[in-house]
Amino acid sequence: MRYLLIAALIFLSLNLQAQKFEGLAPTPPMGWNSWNTFATDINEQLVKDIADKFVELGLKDAGYEYIVLDDGWMAKERDANGNLVADPEKFPSGMKALAAYVHSKGLKFGLYNCAGSETCAGYPGSRGYEYQDARLYASWDIDFLKYDWCNTEKLNAEGAYMTMRDALAKAGRPVVFSICEWGDNEPWNWGQEIGHMWRVSGDISNCWDCEDDHGTWSSWGVWKIINMRKNIRSATGPNHWNDFDMMEVGNGMTAAEDRSHFAMWSMLASPLIMGNDLRSATEETIKTLTNKEVIGVNQDSLGIQGFRVSNEGNIEIWAKPLANGSWAMTFVNMNEKPAELSFDWSEHKITDAETGKGLNTKEKTYQVRDLFNHKKLKNTKSKLKATIGVHDVLMVRLD
Ligand code: GLA
């Protein structure tokens, strides 16, 4: 009997180790990542400044939590024991001290590595060192790991990510595990038991709808990514999110395009990971990023990825079911000139084919609220009318 109990306990603990940390991302993770703006030009002062800005600019208050260092934080070689080393010039105080600084602000700290032999920028990857690296991250009090896919010749993606998941579980410190294999192996089909979020595409570019051709790979504008992955809605949900990539808000698009980008990432229930330099961000950028009403749509507890309703007059119309029968609706003007929207609710019966939820204004009159202008509009008995600027957005909430 005793042996049976011991065997059962061993079996149970082995099984527990082989699970991702549950409950870490009930709503899409929110934070900041260094890559889009700084690439490998990162250092400890930058992280401290960003952490300070989180508090100062109201970003923490708006829900942003994770500060993640992307590629380029390591020295080029592991040490004599095979441990990763933080670049001593960029991070003279070391990662544990930096994590402590970030934690002292009530925030969380993340790092990047790669399933391959080297990271995309040529630093030591985790291949063959997964358990050792996971132990090191735990000893540094790391809360988030972005795990990339460069230099992974012949590796099986699901297997490689599972190995790192298990290594993190074994190390014992809860870590949000962010799968970054660009959608090549369709992680939305297997990532749910492994990670908390997975990139759905190659890298984002700070443009509206472009493809930046880099020869062997492309990076993608906001609408390219949206259109590429609007049909994998069913994969997303609490604790497992389709990740549409770090945001380019504040990185060079127009203020209107930034608003639309932010609105769409919220509609898609994507993690909201800022990718701009918060030290020099304009008031307008911060206003967009801290818009709590829009963030509320992203963070809605149902965690449903919104869907495209139609395109009328080149205005993209998207809908997202929210908790308690509420809805978010977003209208993006794709035209190169301002557009007049006149949307008759009674002529549109909107049904979510995935969840069966319906927005039926014949049965119910909804209150309508404009989430960027923070004002109440006429209810759904009246037409929704607005002038939408070039590439700008009208986002409303129906309660
Ligand atoms: C890949 C990822 C990016 C970034 C870089 C770092 O391209 O998709 O998000 O992490 O690597 O080298």
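The values are calculated or read from the model by the stated rules, or taken from the named source; none is laboratory data. These figures come from a predicted structure and were not determined experimentally. Reconstructed Cβ throughout: ideal geometry from the backbone, glycine too, with neighbour counts over all protein chains shown.
Annotations for the structure displayed:
- Any chance Gly195 is in contact with a strand residue (DSSP E or B) (Cβ under 6 Å, 6 or more places away or on another chain), in the same structural domain as Pro271 (by TED's automatic domain parsing), touching a residue at least 40 places away in the same chain (Cβ under 8 Å) and more than 19 Å from Leu84 (Cβ to Cβ): yes
- Flag if Asn151 is part of a strand (DSSP E or B) and over 18 Å from Trp241 (Cβ atoms): no
- In the condition set (1) part of a loop (DSSP other than H, G, I, E, B); (2) out of contact with any helix residue (DSSP H, G or I) (no Cβ under 7 Å at 6 or more places or on another chain); (3) crowded, with 21+ Cβ neighbours inside 10 Å, Asn81 is compliant with all but (3).
- The number of residues in the stretch 189-220 that are crowded, with 21+ Cβ neighbours inside 10 Å and more than 12 Å from the ligand (Cβ to nearest atom) comes to 6.
- Conditions (1) touching a residue at least 40 places away in the same chain (Cβ under 8 Å); (2) surrounded by 13 or more Cβ atoms within 10 Å (Cβ to Cβ): number failed by Thr387: (2)
For every residue, the table says whether it meets (1) within 17 Å of the chain's Cα centre (by Cα); (2) not small (Gly, Ala, Ser).
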{"residue": "Trp198", "(1), (2)": "yes, yes"}
{"residue": "Gly202", "(1), (2)": "yes, no"}
{"residue": "Asn206", "(1), (2)": "yes, yes"}
{"residue": "Asp209", "(1), (2)": "no, yes"}
{"residue": "Trp217", "(1), (2)": "no, yes"}
{"residue": "Ile225", "(1), (2)": "yes, yes"}
{"residue": "Met228", "(1), (2)": "yes, yes"}
{"residue": "Asn231", "(1), (2)": "no, yes"}
{"residue": "Gly237", "(1), (2)": "yes, no"}
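- Of the strands (runs of 3 or more DSSP E) contained entirely in the stretch 232-331, those carrying at least 1 residues that are within 16 Å of the ligand (Cβ to nearest atom) and assigned by TED's automatic domain parsing to the domain that holds Ile179 fall at 241-243, 272-274.
- The stretch 290-302 - residue that is in contact with a Gly (Cβ under 7 Å, 6 or more places away or on another chain) and surrounded by fewer than 20 Cβ atoms within 10 Å (Cβ to Cβ) and, of those, nearest to Asp61 (Cα to Cα): Thr290
- Pick from the stretch 160-178, criterion among the basic types (Lys, Arg) and in a helix (DSSP H, G or I), ranking: farthest from Ser201 (Cα to Cα): Lys170
- Selection count where residues are more than 19 Å from Glu130 (Cβ to Cβ) and in contact with a Ser or Thr (Cβ under 6 Å, 6 or more places away or on another chain), scope the stretch 71-105: 1
Residue-by-condition table, conditions (1) in contact with a Leu (Cβ under 8 Å, 6 or more places away or on another chain); (2) farther than 19 Å from Ser260 by Cα:
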{"site": "Leu341", "(1), (2)": "yes, no"}
{"site": "Lys349", "(1), (2)": "yes, yes"}
{"site": "Thr361", "(1), (2)": "no, yes"}
{"site": "His374", "(1), (2)": "no, no"}
{"site": "Lys381", "(1), (2)": "no, yes"}
{"site": "Leu384", "(1), (2)": "yes, no"}
{"site": "Arg397", "(1), (2)": "yes, no"}
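- Trp182 over 24 Å from Val102 (Cα atoms), within 15 Å of the ligand (Cβ to nearest atom) and not aliphatic (A, V, I, L, M): yes
- For the stretch 48-74, the set of residues classified as among the aliphatic types (A, V, I, L, M) and either more than 16 Å from the ligand (Cβ to nearest atom) or in contact (Cβ under 8 Å) with a residue 60 or more places away in the chain (or both) consists of Ile50, Ala51, Val55, Leu57, Leu59, Ala62, Val68, listed by residue number.
- Hey, Phe244 of a type outside the set (Val, Ile, Thr), under 26 Å from Tyr161 (Cα atoms) and crowded, with 17+ Cβ neighbours inside 10 Å or not: yes
- Filtered residues of the stretch 103-132 (kept if away from the ligand (no atom under 16 Å from the Cβ) and either acidic (Asp, Glu) or in a helix (DSSP H, G or I) (or both)): His103, Ser104, Glu130, Tyr131, Gln132
Condition check ((1) more than 24 Å from Trp188 (Cβ to Cβ); (2) of a type in the set (A, V, I, L, M, F, W, C)) across all residues:
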position: Gln305; (1), (2): no, no
position: Gly313; (1), (2): yes, no
position: Pro321; (1), (2): no, no
position: Asn324; (1), (2): yes, no
position: Pro338; (1), (2): yes, no
position: Glu354; (1), (2): no, no
position: Asn379; (1), (2): yes, no
position: Ala386; (1), (2): yes, yes
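- The stretch 303-341, subset polar (S, T, N, Q) and more than 16 Å from Phe372 (Cα to Cα), residue surrounded by the most Cβ atoms within 10 Å (Cβ to Cβ): Gln305
- Note on the stretch 134-159: among residues that are more than 15 Å from the ligand (Cβ to nearest atom) and within 23 Å of the chain's Cα centre (by Cα), the one that is surrounded by the fewest Cβ atoms within 10 Å (Cβ to Cβ) is Gly159.
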